[in-house]
Amino acid sequence: MTQLEFAKKNRITPQMKKVAKDEGLEPEYICENIKKGRLVIPANPNHRIEKVCGIGEGLRTKVNANIGTSPDSVNIQEELQKLKVAIASGADAVMDLSTGGNLIKIRREILKKSSVPIGTVPIYEAVCNVTKHHRSISKMDEEDLFGAIEAHAKDGVDFVTVHCGVTLESIGRLKKEGRIMDVVSRGGAFLIEWMLTNKRENPLYERFDRLLEIARRYDVVLSLGDGMRPGALADATDRAQVQETILLGELAKTAQEYGVQVMIEGPGHVPINQIEANVILQKRLCHGAPFYVLGPLVTDVAPGYDHITSAIGGAIAAMAGADFLCYVTPSEHLRLPTVADVKEGVIASRIAAHAADIAKGVKGALDWDIKMSVMRKKRDWKGQVELAMDKERPREYRKASKPSEKDVCTMCSTYCSMKAIEKML
């Protein structure tokens, strides 16, 4: 049985209890919101997870880190190091987006070494298997696609991105829209090429029932992918994007009725003034299903700093109701991320998530900041480091500075405002 099927029978699972304990909530709350489709727990029984996480309404905003090879860079050990750093930096989940090398071996190694839920995009493997035999993507058949999905589920993958909303109808709207960036989703682009070449409907939409059977068998959370997500600010919130969201809302309801857990993926590149509207639209059209956003990035002109453009958008999106932030690294749009890039991306996204949790009134969120403020007033440097989101950098900064007095820092030195007022009050 899936977590959703247990919830429908009002049966509280060990995973629900773990999530409740971690969030400081009652297990009944977790169970009830899973039943309503507003909360998911990615926990494939074939993957032993130490850090079970819940994603959805009323919970702490979660952060995902993407890792994985490309045809230009295949180094399993480096990807495993990225996994280790992502988890150590506080990522709640990790996605393996590998497209180069032995994809099965890479996936299984990541699953074996991961203490957090793992997500994948099975169509990548289906396409890679076809093209490595020098065949075009159009030669991929339904069995290639669903076979890859089942293989991932059987190996223990906890959630899969499936671009079910990329249909012939939504492609028609895309053509009429006249976007600058057209389609930036790899999975979406693969499917569009296949559909237009073969003049056939998307198998993931046409055979959604088959997808549900696989997901239900392994309790894999379906992350309904945004193949039409905007890759440029000027393309945000257009007909193609909204049409896909409408379809995903309908499919989400069908999946939940079948007992399969679902979350919805969202944009992308979105101007600040449109972010809240995007979240409200998704929540309304998808009946409150958890919302998983990439960023969103709020400007297109900061390559090398897109972890910052993403954090700005992520904070606003999460404050408006988004539940799951996919990190963006400084190297986005430029290269495959390094281990250092992964850490920067996770920390930036965690800052955004935590800032939003304070605004949303998530239980315990502000308490962390109050504790830090108390340590700052005391000028307790060790205490500040222990409370820091990233302990390494503040420890290095403090160690590298040489203040004139031990209880101040080199910013204000002997003119420390807190020290002066402490004496007066």
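Laid out as a table, the results:
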quantity	calculated
Restricting the range 45-98 to residues that are among the hydrophobic types (A, V, I, L, M, F, W, C) and part of a helix (DSSP H, G or I), the residue that is surrounded by the fewest Cβ atoms within 10 Å (Cβ to Cβ)	ALA88
Some residue of the range 395-411 being in contact (Cβ under 8 Å) with a residue 60 or more places away in the chain and either of a type in the set (D, E, K, R) or part of a loop (DSSP other than H, G, I, E, B) (or both)	no
Residues within the range 13-38 that are over 30 Å from GLU109 (Cβ atoms), among the hydrophobic types (A, V, I, L, M, F, W, C), in contact (Cβ under 8 Å) with a residue 40 or more places away in the chain and buried (at least 19 other Cβ atoms within 10 Å of the Cβ), tallied	1
Sole residue being modelled with pLDDT of 95 or more, under 22 Å from LEU281 (Cα atoms) and not β-branched (Val, Ile, Thr), chosen from TYR205, TYR218	TYR205
Answer residue from the range 339-385, given it is part of a loop (DSSP other than H, G, I, E, B) and either more than 23 Å from the chain's Cα centre (by Cα) or in contact (Cβ under 8 Å) with a residue 12 or more places away in the chain (or both) and is surrounded by the most Cβ atoms within 10 Å (Cβ to Cβ) among those	VAL362
Top-ranked residue of the range 386-410 - restricted to ones that are in contact with a Pro (Cβ under 9 Å, 6 or more places away or on another chain) and more than 21 Å from VAL85 (Cβ to Cβ), ranked as surrounded by the fewest Cβ atoms within 10 Å (Cβ to Cβ)	THR410
Qualifying residue in the range 152-162 (condition: assigned to a helix (DSSP H, G or I), of a type outside the set (Asp, Glu), farther than 21 Å from ILE137 by Cα and touching a residue at least 40 places away in the same chain (Cβ under 8 Å))	yes
Failed item in (1) outside any helix (DSSP H, G or I); (2) over 23 Å from HIS333 (Cα atoms); (3) in contact with a Ser or Thr (Cβ under 6 Å, 6 or more places away or on another chain), with LEU222 passing the rest	(3)
Lone unmet requirement of (1) under 30 Å from ASP72 (Cβ atoms); (2) in contact with a Lys or Arg (Cβ under 6 Å, 6 or more places away or on another chain) for GLY288	(1)
Single residue of THR237, THR254 found to be in a loop (DSSP other than H, G, I, E, B), over 23 Å from MET95 (Cα atoms) and not hydrophobic (A, V, I, L, M, F, W, C)	THR237
So ILE137, is it surrounded by fewer than 22 Cβ atoms within 10 Å (Cβ to Cβ), on the phi < 0 side of the Ramachandran plot, at pLDDT below 95 and touching an Asp or Glu at 6+ places or on another chain (Cβ under 8 Å)	yes
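The values are calculated or read from the model by the stated rules, or taken from the named source; none is laboratory data. Remember, it's a predicted structure, so these values are computed and weren't measured experimentally. Methodologically, a virtual Cβ is constructed for each residue, glycine included, from the backbone with ideal geometry; neighbour enumeration extends over all protein chains shown.
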